[in-house]
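Student: Please find one structure pasted underneath; my questions will follow.
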Amino acid sequence: MSVDRPALCWIDGAIVDAREARFSIRDHGLLYGDGLFEGIRVRHGRVFRLGDHLARFAVGARAIALELPRPLAEIREIVLATVRAHGTPEAYVRLLVTRGEGPLGVDPTPCGPARLACLVASIALYPEEKRRLGIDLVTSSLRRPGPDVLDPRVKSLNYLNNVLAKLEARSRGADEALLLNAAGLVAEAAVANVFVARGGELLTPPATDGALEGITRATVLELAPALGIPARERSLGRFDLFAAEECFLTGSGAGLVGVRSLDGRRVGSGAPGPLLAKLAVAFDEAYALRGERAL
Ligand code: PMP
């Protein structure tokens, strides 16, 4: 067990206590949610798939026409240095970039330079009991926006859709929200991707159905075939969750977590299943192989 250390933040070239890190009230990240972030897991002193997180960050920046204030190689060093300074082998990295300061008004053209920060904190996971028993999902009354509204493949600072879906789930006594897209197909959970097992095969919605291209999701899709579990992308409805032998969520913060119910009805056996257990072991080993050593 790691001891909780105070969160640290790299900002403006220095690593400081996170409570000292400041953003301007004129920053469009705050005024309009105009910016991007990455949530990256540190396990066993290794930063998991840092190259892939940085690649997603860079693609997102291109998609919203935001010029990163430093080259990716430097951002990589910033992440590793902040993780090293935090010194805990189990941690969570929040890398973020905002459009920077500008006058009031949504126009980003007078803003800049973009402002970068890297926060490293202890990780708060689902409690052990939830992991053992499985979590409860409810279908959100909110829909995940489509690429014609705000492409969910961009991990933007605009997370109000996710926040409100989570709030609704919590107020309905559940742990997590299942979000559908405008066509009624499963997109993802509030801040995690969705997998089901049917006929021994793993299925997850394609990103074009409204999911973030999750790094944990990609890892599961890569690991499963080596374990003899076929895995592919396929559109899913709520039907597929009720028909599934197993269902689980994936995310850097959530890890791999089993779903035991949807809208008060049992999913699968009503407990995390054997495929998830197999994948969780393989996933843990993947941290050692796919992580960049920081500590
Ligand atoms: N979807 C959303 C909306 C998320 O915020 C996250 C967490 N970053 C995920 C999926 C899972 O992605 P990853 O495995 O890259 O953390």
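The values are calculated or read from the model by the stated rules, or taken from the named source; none is laboratory data. Fair warning: this is a prediction, and the values are worked out from it, not measured in the lab. No Cβ is skipped: glycine too gets one built from the backbone with ideal geometry, and neighbour counts run over all protein chains shown. Accessible surface is based on the protein model in full, side chains and every heavy atom, while ligands, DNA and RNA are left aside. Shrake-Rupley method; radii C 1.70, N 1.55, O 1.52, S 1.80 Å.
Student: If R₀ is 45 angstrom, what is the calculated FRET efficiency for the pair A63 and Y126, using the beta carbon separation as r and rounding to 0.05? Don't skip to the end; give the middle numbers.
Tutor: Details: r = 30 Å, r/R0 = 0.68.
The computed FRET efficiency comes out at 0.90.
Student: Continuing with the same structure: In degrees from 0 to 90, rounded to the nearest 10, what is the angle of the helix 215-226 Cα long axis to the longest principal axis of the chain?
Tutor: 40
Student: Along the positive direction of the dipole of segment 8-121 (beta-carbon charges: Lys, Arg +1; Asp, Glu -1; about the Cα centre), which of L31, L96, A81 reaches farthest?
Tutor: A81
Student: A further question on this structure: Could you tell me the distance between the Cα centroids of segment 1-79 and segment 94-122, to the nearest Å?
Tutor: Spelled out, the Cα-based centre of one part sits 11 Å from the other.
Student: Taking the Cβ of G60 as the centre, find all other residues whose Cβ is under 11 Å away and add up their charges (Lys, Arg: +1; Asp, Glu: -1). It would help to have the intermediate numbers written out before the result.
Tutor: Numbers: positive: R56, R62, R153, K155; negative: E38, D151, E213.
So the surrounding residues net to +1.
Student: Here is a follow-up. Between rounded, prolate and oblate, where does segment 1-121 land on the alpha carbon gyration tensor, with a ≥ b ≥ c its root eigenvalues, rounded for a/c under 1.5, else prolate if a/b exceeds b/c?
Tutor: Details: a/c = 2.44, a/b = 1.62, b/c = 1.51.
In terms of gyration-tensor shape, prolate.
Student: Here's another thing I want to ask about it. Of F239, L164, L275, whose Cα points farthest to the positive end of the dipole of segment 128-291 (charges on the beta-carbon: +1 Lys, Arg; -1 Asp, Glu; origin at the Cα centre)?
Tutor: After comparing all options, I get L164.
Student: May I ask you to rank K278, K166 by accessible area, largest first, using a 1.4 Å probe over the protein chains only? List each step's numbers first, then the result.
Tutor: Numbers: K278 100, K166 60 Å².
Sorted by accessible area, descending: K278, K166.
Student: Write down the Kirkwood hydrodynamic radius of the chain, to one decimal in angstroms, obtained as one divided by the mean of 1/r over all alpha carbon pairs. Don't skip to the answer; put the middle values down first.
Tutor: Values: mean 1/r = 0.0506 Å⁻¹.
Evaluated on the chain, it is 19.8 Å.
Student: Between R266 and R198, what FRET efficiency follows from the Cβ-Cβ distance if R0 is 25 Å, with the result rounded to 0.05?
Tutor: Values: r = 16 Å, r/R0 = 0.63.
With a Förster radius of 25 Å, E is 0.95.
Student: Putting +1 on Lys and Arg Cβ atoms and -1 on Asp and Glu Cβ atoms, find which of C111, F57, N193 reaches farthest to the positive end of the dipole of the chain.
Tutor: Of the candidates, N193 comes out farthest on the positive side.
Student: Continuing with this model, one more query. With axes computed from alpha carbons, what is the tilt in degrees of helix 72-86 against the longest principal axis of the chain, rounded to the nearest 10 within 0 to 90?
Tutor: Computed tilt is about 80 degrees.
Student: Sum up the charges of everything whose Cβ sits under 15 Å from the Cβ of V106, counting Lys and Arg as +1 and Asp and Glu as -1, but leave V106 out.
Tutor: Values: positive: R26, R99; negative: D27, D34, E101, D107.
Once all neighbours under 15 Å are counted, the net charge is -2.
Student: How far apart, in nanometres, would the label points at A14 and F242 be if each is projected 7 angstrom from Cα along the Cα-to-Cβ direction?
Tutor: Calculated label separation equals 5.9 nm.
Student: Here is a follow-up. How far, in nm, would the chain grow between T208 and R70 when pulled straight, counting 0.36 nm per residue and subtracting the alpha carbon separation?
Tutor: On the way: separation 138, 0.36 × 138 = 49.68 nm, distance 2.98 nm.
Full extension of this stretch gives 46.7 nm more.
Student: Take each of the peptides 114-121, 232-239, average the number of other beta-carbon atoms within 10 Å over its residues, and list them starting from the highest. List each step's numbers first, then the result.
Tutor: Details: 114-121: 22.0, 232-239: 15.0.
In descending order of packing, they fall as 114-121, 232-239.
Student: Ranked by accessible surface with a 1.4 Å probe, highest first, in what order do R84, R170, R46 come?
Tutor: Working: R84 115, R170 140, R46 50 Å².
Descending order: R170, R84, R46.
Student: If the only charges are +1 at each Lys and Arg Cβ and -1 at each Asp and Glu Cβ, what is the size of the charge dipole of segment 1-82 around the Cα centre, to the nearest 20 debye?
Tutor: On the way: 12 positive and 11 negative charges, 66 e Å.
Computed charge dipole of segment 1-82: roughly 320 debye.
Student: Which whole-number percent is the relative contact order of segment 178-230 (Cα, under 8 Å, 6+ apart)?
Tutor: Values: 57 pairs, mean separation 15.2, N = 53.
Relative contact order comes out at 29 percent.
Student: Moving to a separate point now. Work out the length of the dipole vector of segment 183-295 about its Cα centre, built from +1 on the beta-carbon of each Lys and Arg and -1 on the beta-carbon of each Asp and Glu, and round it to the nearest 20 debye. Before the final figure, lay out each step's value.
Tutor: On the way: 11 positive and 13 negative charges, 46 e Å.
The dipole of segment 183-295 has a size of about 220 debye.
Student: Now, a different point. Tell me the net charge near R172. Cut-off is 15 Å between Cβ atoms, R172 excluded, with +1 for each Lys or Arg and -1 for each Asp or Glu.
Tutor: Details: positive: K166, R170, R265; negative: D136, E168, D175, E176, D263.
Net charge around R172: -2.
Student: Taking all protein chains in place and a 1.4 Å probe, what share, in percent, of the accessible surface of the chain do carbon and sulfur account for? Mind dumping the intermediate values first?
Tutor: Values: 7520 of 13270 Å².
Answer for the chain: carbon and sulfur cover 57 percent of the accessible area.
Student: Counting pairs of alpha carbon atoms under 8 Å apart in space and at least six apart in sequence, what relative contact order in percent does segment 128-291 give? Spell out each step's value before the answer.
Tutor: Numbers: 336 pairs, mean separation 40.9, N = 164.
It comes to 25 percent, rounded to a whole number.
Student: Let me spell out the model: positive unit charges on the Cβ of Lys and Arg, negative unit charges on the Cβ of Asp and Glu, origin at the Cα centre of the chain. What dipole size does that give, in debye rounded to 20? Provide the component values of the computation, followed by the final result.
Tutor: Working: 37 positive and 35 negative charges, 63 e Å.
Around 300 debye, computed over the chain.
Student: So what's the back-of-envelope 222 nm ellipticity for the chain, counting only DSSP H runs of four-plus at -39500 (n - 2.57) apiece and dividing by all residues, rounded to 500? Numbers along the way, then the final one.
Tutor: Numbers: 8 runs with 87 residues, N = 295.
One gets -9000 deg cm²/dmol as the mean residue ellipticity at 222 nm.
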